[in-house]
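Written out below as structure tokens is the structure these notes cover.
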2 protein chains.
Amino acid sequence: MIKNDLFLRALKGETVDRPPVWMMRQAGRYLPEFMELKKKYDFFTRCKTPELASEITVQPIRRYGMDAAILFSDILVIPQAMNVEVEMKPDFGPYLPNPIRDRKSLDQVIIPDVYEELGYVMDAIKATKEKLNDEVPLIGFAGSPWTILCYMVQGQGSKNFDKAKEFCFSQPILAHELLTKITLTTIAYLKAKVKAGVNAVQIFDSWGGMLSPTDYQEFSWRYINQIIEALKDEVPVIAFGKGCWFALDVMAKSNASALGVDWTCSPRNARYLTGGNITLQGNFDPSRLLSPPADIKKMVHQMINEFGKDKYIVNLGHGILPNIPLENAQAFIEAVKEYKV
Amino acid sequence: MIKNDLFLRALKGETVDRPPVWMMRQAGRYLPEFMELKKKYDFFTRCKTPELASEITVQPIRRYGMDAAILFSDILVIPQAMNVEVEMKPDFGPYLPNPIRDRKSLDQVIIPDVYEELGYVMDAIKATKEKLNDEVPLIGFAGSPWTILCYMVQGQGSKNFDKAKEFCFSQPILAHELLTKITLTTIAYLKAKVKAGVNAVQIFDSWGGMLSPTDYQEFSWRYINQIIEALKDEVPVIAFGKGCWFALDVMAKSNASALGVDWTCSPRNARYLTGGNITLQGNFDPSRLLSPPADIKKMVHQMINEFGKDKYIVNLGHGILPNIPLENAQAFIEAVKEYKV
């Protein structure tokens, strides 16, 4: 049994004394102990070495005592496992030298045996579980099929993922075939993660907000929902769509245990759009962690008051930025722990 | 008098047979006649030579007959006039080698005499008005103070304008001083444009959607609203905030003649959030112009039906992309002209 089960109880919608807190990308570049490992090992070495991935995962828990850990990994291990080359270029980000844009390249994309191709993730989970010693729950994650398609087709990060959208709008049959392959792989991947020991999973739809409400339903949400349906009886699922405020009403009717929201959606709007019954997670502007610590604490308390302490998980509205001072991250976590109704 | 006054009538909320149509960035890289001039003259030469700027402005009108022209220029002529160096680097975009991040650099920023520093814009307007021969109205534009600050502080384009936000959140007094300087310059600039002959102005808040609803009010909307108040008796003002759905309720209560909306906001949501009385402009996903022309026409007709033909200006939800085929842009414009209730 997990000793601090605040996060799991919030996912079930139970009444709590204070909401749980964790931060997207909490195992990241703002931590000096992370930067030390980053200097020594390249990106995929860190992902693929269970000893490193588990160490990085628990670093923020040791320093700040968040209420949940999230496995250090990357959403792009999925395309890699599907036979699509992914490089992580310093000062550039992900680079996929052979993007998927036609029938021929699509046919090269496989649905892998996830234990064979991604066994290192399961090993990292087991190593992390040992280190966590059941103190806090461990979250596993995957990108949404749409977001993975964005990288597979665009070949790199982008302001508007125009090539990915062009692919979907001009070759929708191929696009849906690719999305289906990614969905099936992701379901198998997340099920394996659950078997290896994660206590909840989060689906990151980082680029869902690039789509119109109609296109979002067609190219993103239906696939996320398939994943939720496949996982819901095994583990709580959190769906986070950055910029997807327009779909929150539909998402709230799904079997997701919680929905992530970004900071453009006020707590009041988020509760209104989701009907008030589902657990919400978010939504502090990551840049607002650059305010003075005393201001951060005030803003966090106000945010909790506006969301309400129940059915709520305190988080940022996106990943923590590399340039956040340690004491500011600390103020964020402490503010939640000090919260009194 | 303007012969085709459909656009101006829609701004006044009058009943029309069909809505007017234009496209953001319609004088742009998708046009071969534009690309020919782009080959010969660099970016600021095109902006600063009235003969070139006016020629580029009327190119799309000649080819497609939109219901309004928008002066070819750039929002970054404002920082340039304010004594902040701006370069336009090929394959990179805007680059400001001396970004504003402290008291010392802020003190270098001037409120210029717009006739002295930006006289070439007024000359371009006069040259354009002659070429247009009162066939269609001419729109002038400026960036929102927040969006201009983003470039002045960040020094270049960015995914999240983290440095611009850091400046605002850690040095709010300096930020508001800079925003005030930009606002005063923009008001003088737009008033000069009106005197030179533009029939309406649009304020582009391209990066407003990076801010939380609270921060948007503090760092962006209050300055946009100052511009609207200063201009409203001289010319209709359109306010377009990309990603600013969360502020539409407040914006709708202003003296703007119309609000631009992006494609993440369904027509129904846009009408709901703005209360149903103000003219709206938008919001076709620019990437959806990559669909086959017959599909484009169907989607445009559906969009008009959903917004309603009155108090509505057909447009994209952001600028047209460089890779749009000519016949697809044509299908977009034709669909509106063929529209029957």
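The values are calculated or read from the model by the stated rules, or taken from the named source; none is laboratory data. Given the structure is predicted, the values throughout are model-derived calculations rather than measurements. Cβ placement follows ideal geometry from the backbone for every residue including glycine, while neighbour counts extend to all protein chains displayed.
Quick look at the values:
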| read-out | value |
| --- | --- |
| Lone unmet requirement of (1) at negative phi; (2) more than 17 Å from the chain's Cα centre (by Cα); (3) among the acidic types (Asp, Glu) for residue B:74 | (2) |
| Extreme residue, nearest to the other protein chains (Cβ to nearest Cβ), among residues of the range B:275-296 that are touching a residue at least 24 places away in the same chain (Cβ under 8 Å) and on the phi > 0 side of the Ramachandran plot | B:282 |
| Among (1) of a type in the set (Ser, Thr, Tyr); (2) under 16 Å from the mean Cα position of the chain (by Cα); (3) within 12 Å of chain B (Cβ to nearest Cβ), the one test that residue A:264 misses | (2) |
| Candidate set: the range B:297-310, residues that are within 12 Å of another protein chain (Cβ to nearest Cβ) and of a type outside the set (S, T, N, Q); chosen: the one nearest to residue B:328 (Cα to Cα) | B:299 |
| Some residue of the range B:187-194 being assigned to a helix (DSSP H, G or I), over 20 Å from residue B:83 (Cβ atoms) and within 10 Å of chain A (Cβ to nearest Cβ) | no |
| Enumeration of residues in the range B:102-158 that are in a loop (DSSP other than H, G, I, E, B) and not small (Gly, Ala, Ser) | B:102, B:108, B:109, B:110, B:111, B:112, B:113, B:133, B:134, B:135, B:136, B:137 |
| Sole residue being away from chain A (no Cβ under 14 Å), surrounded by 21 or more Cβ atoms within 10 Å (Cβ to Cβ) and either under 27 Å from residue A:289 (Cβ atoms) or not aromatic (Phe, Trp, Tyr) (or both), chosen from B:184, B:211, B:178 | B:178 |
| Considering residues of the range A:151-168 that are under 21 Å from residue B:93 (Cβ atoms) and buried (at least 24 other Cβ atoms within 10 Å of the Cβ) only, the residue farthest from the other protein chains (Cβ to nearest Cβ) | A:164 |
| All positions within the range A:214-250 that are among the β-branched types (Val, Ile, Thr) and either in contact with a Lys or Arg (Cβ under 9 Å, 6 or more places away or on another chain) or within 11 Å of chain B (Cβ to nearest Cβ) (or both) | A:214, A:235 |
| Residue in the range A:156-166 that is over 21 Å from residue A:49 (Cα atoms), in contact (Cβ under 8 Å) with a residue 60 or more places away in the chain and within 21 Å of the chain's Cα centre (by Cα) present | yes |
| Some residue of the range A:78-91 being farther than 24 Å from residue A:193 by Cβ and touching a helix residue (DSSP H, G or I) at 6+ places or on another chain (Cβ under 6 Å) | no |
| Hits in the range B:57-74 - residues which are surrounded by 24 or more Cβ atoms within 10 Å (Cβ to Cβ) and in a helix (DSSP H, G or I) | B:57, B:60 |
| Residues (more than 14 Å from every other protein chain (Cβ to nearest Cβ), of a type in the set (A, V, I, L, M) and in contact (Cβ under 8 Å) with a residue 24 or more places away in the chain) located in the range A:251-261 | A:251, A:252, A:256, A:258 |
| Breaking point among (1) over 19 Å from residue B:321 (Cβ atoms); (2) at pLDDT below 95; (3) over 21 Å from the mean Cα position of the chain (by Cα), for residue B:90 | (1) |
| Set A:73, A:54: member being in contact with a Lys or Arg (Cβ under 7 Å, 6 or more places away or on another chain) and in contact (Cβ under 8 Å) with a residue 60 or more places away in the chain | A:54 |
